[in-house]
Amino acid sequence: MNVLLLSLLGAVIILDKYALGEFGISQPIVTGAIIGAIFGDIWFGIFLGAMVQLVFLGGLPIGRDIPPDGQAAGIITATSYFLLRGSNIMAHSLGVAAVLGLIGGVVGGFFDVIARRFNEKLHTHFLVHEEWLYVCHAAGLATAFLRGFVLFLPVFAFSSVFVIPGIFPQITKETLTIIGMSLGLANSFYLFVKMKTVVYLLIGGVCGLALAVL
Amino acid sequence: MRLGLSRLIRIFFQSLFLQTSWSFMSMQSMGFLSGVLVGVDGAKHAGIISARKGLFNTHPYMVSYIVGATVRAYDEGTASAEEVNRFLSVAQTSFASAGDLLFWRTLRPALLLLSVILGVRYGLIGPLFFLVVYNGFHLYHRIQGIRDGYKMGWDVIYVLKTKRFTLTRQVFEVVGTLLCGLLLSLGSPELRYILVIPLTALFVIMLIRRYSAVMIIVSALLVLLIIGMV
């Protein structure tokens, strides 16, 4: 699929992060399914989205704190994987897509800060011209859209033409699962587990191990 | 005065754009102002804009409660600008804290954990389940918040003590803990999955010691590449 269209789609989806609605459509597990469906492999899209979701589970946008952009990481990992897969083997594509996704998440966080700083100018303009309230407010949509588009376009263009050298580490589905599970367990442990709820962790752990073995 | 369906829809629709122009300086100021203005008589707009240009920040789903109460205050026209500002300064922090705890720290991560487990095992059911259940809670607060805010006025703050906040959080804390253990189901009985134990311990230590999120992601990246090379 066209790199430009994919970047536009990514930029529209990323509006859901905070600029419009916040319905959770931009969460990696959902975007993985959407991008997987576009490329005809919904199962692998969901798998990639799930792993990125676990990595970024603990990023909480509280107050002025802007955590790394898990939503952008999800879109970049899934889309890059399917684009790279066109001219590379699976293990190489998975490795580069994961690297691009994780770096993209960090860079996306910086882009987020820049976009929100630009929005300060919109607010300053509104303070001087009160009648421009709705225009200045709506212009934030353009800022958020551009933030996503500028982030996605070069990454997707790179992924669509890049031929991965043989020396690049090969990442298997199992390796990605191990990293995803480890960070997912750490994040959820940090978020949920307290002394009074440890018993539920043990019940869940026993059931989880039983399901893994069966 | 009555809130009415058309006003409810207008305020609800505008609340979806609360954070569109979020900035460090004024945060959700313009979003909140736009949300209040769509619910208030046009003749009062100029006065409201000049009185409410300052910083505003709360949880995006909780803003409905505050907008509902503020619109009622402007409808009645009895509250002074000072009283409105006093209510807003208390309400925005209280609802922000409650919303962050309920949605960002509990409900969303718990539902995402479940959707990840369902998604990896059963495919599309995972993301669909997340969207339906999460938005059930999300939209309930957005819509009921406007109605309660308008009905209760300044007293809407006491809604934070009701079961819709306390019980939901308690239930999803337990669900989240259970799902934390259930995450092990994503593995398989192969020797290399033993790596999950030391890696989880490493990341838990980094989280407890409050390493930055960037540092944790960089560590994950390095671990990924090292395992890939080995």
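Brief remarks follow.
- GNM flexibility winner over chain A from A:THR197, A:THR77, A:THR172 (Cα, springs under 10 Å): A:THR197
- Residue (of B:LEU225, B:VAL159, A:THR143) at the positive-pole extreme of the protein assembly as shown, dipole from beta-carbon charges: B:VAL159
- Whichever lysines have a C-alpha closer than 19 Å to that of B:LYS161, once near sequence neighbours (fewer than 8 apart) are set aside: B:LYS151
- With respect to chain A, whose longest principal axis is taken over its alpha-carbon atoms, helix A:28-38 is tilted by about 90°.
- GNM result for chain B, Cα springs below 10 Å: residue of B:SER115, B:SER34, B:SER188 fluctuating most strongly: B:SER188
- Kirkwood hydrodynamic radius of the range A:1-82, from the reciprocal of the average inverse Cα-Cα distance over all distinct pairs: 12.6 Å.
- Cα shape, the range B:189-230, gyration tensor, a/c 1.5 rule: oblate
- Exposed loop positions in chain A were taken to be trypsin sites (Lys or Arg not before Pro) whose DSSP state is not H, G, I, E or B and which have at most 15 other beta-carbon atoms within 10 angstrom. Between these positions, the longest stretch is A:65-193.
- Compactness relative to 2.2 N^0.38 Å, alpha carbon Rg of the range B:94-179: 1.21
- Distance between modelled label sites at A:TYR134 and B:ILE208, nm, 7 Å Cα→Cβ extension: 5.4 nm
- Computed over the range B:1-136, the P(r) curve from all C-alpha pair distances, binned at 5 Å from the origin, holds 2, 10, 17, 19, 17, 12, 9, 7, 4, 3, 1, 0 percent per bin.
- DSSP loop trypsin sites (Lys or Arg not before Pro) with at most 16 other Cβ within 10 Å excluded, longest remaining stretch of chain B: B:3-208
- Shielding by partners - mean other protein chain Cβ count within 10 Å, residues of A:170-180: 6
- A crude spin-label estimate for the pair A:MET90 and B:VAL132, with each label 7 Å from Cα along the Cβ direction, gives 3.0 nm.
- Normalised per residue, the volume of the convex hull around the Cα set of chain A (Å³): 140 Å³
- Order of A:LEU209, A:LEU4, B:LEU102 - criterion: other Cβ atoms within 10 Å of each residue's Cβ, fewest first: A:LEU4, A:LEU209, B:LEU102
- Inter-probe distance in nm under a simple model that places probes 7 Å from Cα toward Cβ, at A:VAL199 and B:LEU5: 4.9 nm
- Dipole magnitude for the protein assembly as shown: about 560 debye, using +1 per Lys or Arg Cβ and -1 per Asp or Glu Cβ, origin at the Cα centre.
- 31 Å tail of the calculated P(r), the protein assembly as shown, as % of Cα pairs: 42 percent
- Cα-based helix-to-principal-axis angle, B:5-15 vs chain B, degrees rounded to 10: 50 degrees
- Descending semi-axes in Å of chain B, equivalent ellipsoid built from Cα gyration tensor: 43, 19, 15
- Signed unit charges on C-beta, dipole axis of chain B, positive-most listed residue B:TYR61, B:SER80, B:GLY145: B:GLY145
Computed from the coordinates by the stated procedures, all read-outs in this text should not be read as laboratory data. Nothing here was measured: the structure is a model prediction, and the numbers come from that model. Every residue, glycine among them, receives a Cβ derived from its backbone with ideal geometry; neighbour counts consider all protein chains shown.
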